[in-house]
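The values are calculated or read from the model by the stated rules, or taken from the named source; none is laboratory data. Remember, it's a predicted structure, so these values are computed and weren't measured experimentally. Positions of Cβ are generated from backbone atoms using ideal geometry, with glycine treated the same way; all protein chains shown enter the neighbour counts. Side chains are part of the model used for accessible areas, which takes the heavy atoms of the whole protein and leaves out ligands, DNA and RNA. Shrake-Rupley method; radii C 1.70, N 1.55, O 1.52, S 1.80 Å.
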Amino acid sequence: SRTSVSLDGRFVVVANRQSNTVTMIAAQEEDCVDSNNNNQIDTSQNNNDLLAWGTDECVIWQTELEEIGDDIQAGPRALTWDAGELNQQTCKVENASVWVGYRDVAQNLAHISRLNGETGAIEDTIDINGWTANWGPYGAAMDPDGDLWFTGLRRNLYRVNTDDLSVDTWAPPQNGQFYGMSVDPEGKSWMGGCSGPVSVFDPADESYNTIAGTQACHRGVAPDGEGNIWVASNGPCGLVQVDAETETLVKFHNFAQCSTPVGVSVDIDGDVWMVDQAGWA
């Protein structure tokens with residue numbers, strides 16, 4: 001249900017909400033592992049060439065999460081890489097971690113775990129007490145200071161201070177129904193309400209602002225490098241563009257084939273991509 005790409009684009013992690021695992025896959029064969037020593041990388045090329053589980057050498061690791069509920073609502077969703085450390089000589093990111101959120105078997109308890117990005121080993125697990133939502137942590141993103149922000153589905157906004165693993169929390173604004181979320185380059189958290197407006201939280205003064213003209217069911221949220229926030233919208237169906245500095249609606253973009261937009265991301269060229277559940281991007 002969630003994916004996250006490492007800062008250097010070499011790896012993707014996938015949260016598998018019903019098997020309660022997180023899986024890391026390499027994007028390039030140079031990062032895959034010739035585990036059967038046949039001097040080649042054995043990996044699926046397309047959906048007609050799916051190798052048996054455990055034989056694809058670009059699947060680097062899979063981690064089963066602990067103390068997790070056995071229903072689809074408990075499964076891992078909130079998922080993000082941190083920045084790690086950029087090696088200036090190799091242009092590769094080193095010592096990066098993967099952060100993932102899920103709900104415990106016990107009532108009123110959720111977890112955020114930090115996984116070793118290279119091995120998938122669980123290095124830390126943080127208890128989130130008083131968790132009243134049926135679903136586990138829903139969305140996650142890192143801020144410029146290296147702290148982790150995450151939300152519950154139609155619930156609170158949280159920050160994990162990664163230096164000491166302490167947790168801060170803020171209730172949503174009135175009628176806030178958080179669904180998708182992200183953090184912009186200024187460190188502000190943006191949330192798409194479903195149903196409700198797009199909203200922004202400024203940690204400098206711990207204040208919310210809701211964006212006029214954005215009442216809808218919003219899903220994925222992504223900032224670009226030019227001061228825009230992009231939000232997938234269901235009903236009305238399209239893509240919302242918000243000015244991050246003025247915190248105002250720029251434009252609602254319509255699409256003729258629009259059905260149920262969910263994911264939004266911005267590529268290295270600054271192009272905005274939206275994924276629709278009807279099977280198109």
Efficiency of FRET from Cβ geometry, residue 123 and residue 43, R₀ 41 Å, rounded to 0.05: 0.90
Please give the contour-minus-distance gain from residue 105 to residue 73: 0.36 nm per residue of separation, less the Cα-Cα distance, rounded to one decimal in nm. 10.4 nm
Which whole number in µm²/s is D for the range 164-281 by Stokes-Einstein, with the Kirkwood Rh taken over Cα pairs at 37 °C and 0.692 mPa s? 229 µm²/s
How large is ³J(HN,Hα), in whole Hz, for each residue of the range 7-21 in order, when computed from phi with the Karplus curve 6.51 cos²θ - 1.76 cosθ + 1.60 and θ = phi - 60°, using x for Gly and Pro? 4, 8, x, 8, 9, 10, 10, 10, 8, 9, 6, 9, 8, 6, 10
For the range 46-121, what is the accessible area per residue in Å² when the probe is 1.4 Å? 53 Å²
Got a number for carbon plus sulfur as a percent of the chain's accessible area, 1.4 Å probe? 44 percent
So what are the chain's ellipsoid semi-axes, whole angstrom, largest first, if each one is the square root of 5 times an eigenvalue of the alpha-carbon gyration tensor? 30, 23, 19
Between residue 2 and residues 5 or more places away or on another chain, which pairs have amide H atoms under 5 Å apart, with H built 1.01 Å from N, and which residues are they? 15
Under Karplus coefficients 6.51, -1.76 and 1.60, residue-wise ³J(HN,Hα) of the range 31-44 in Hz, glycine/proline x: 9, 7, 10, 7, 6, 9, 6, 9, 6, 8, 9, 8, 8, 4
Long-range amide H partners of residue 92 with built H, under 5 Å: 87
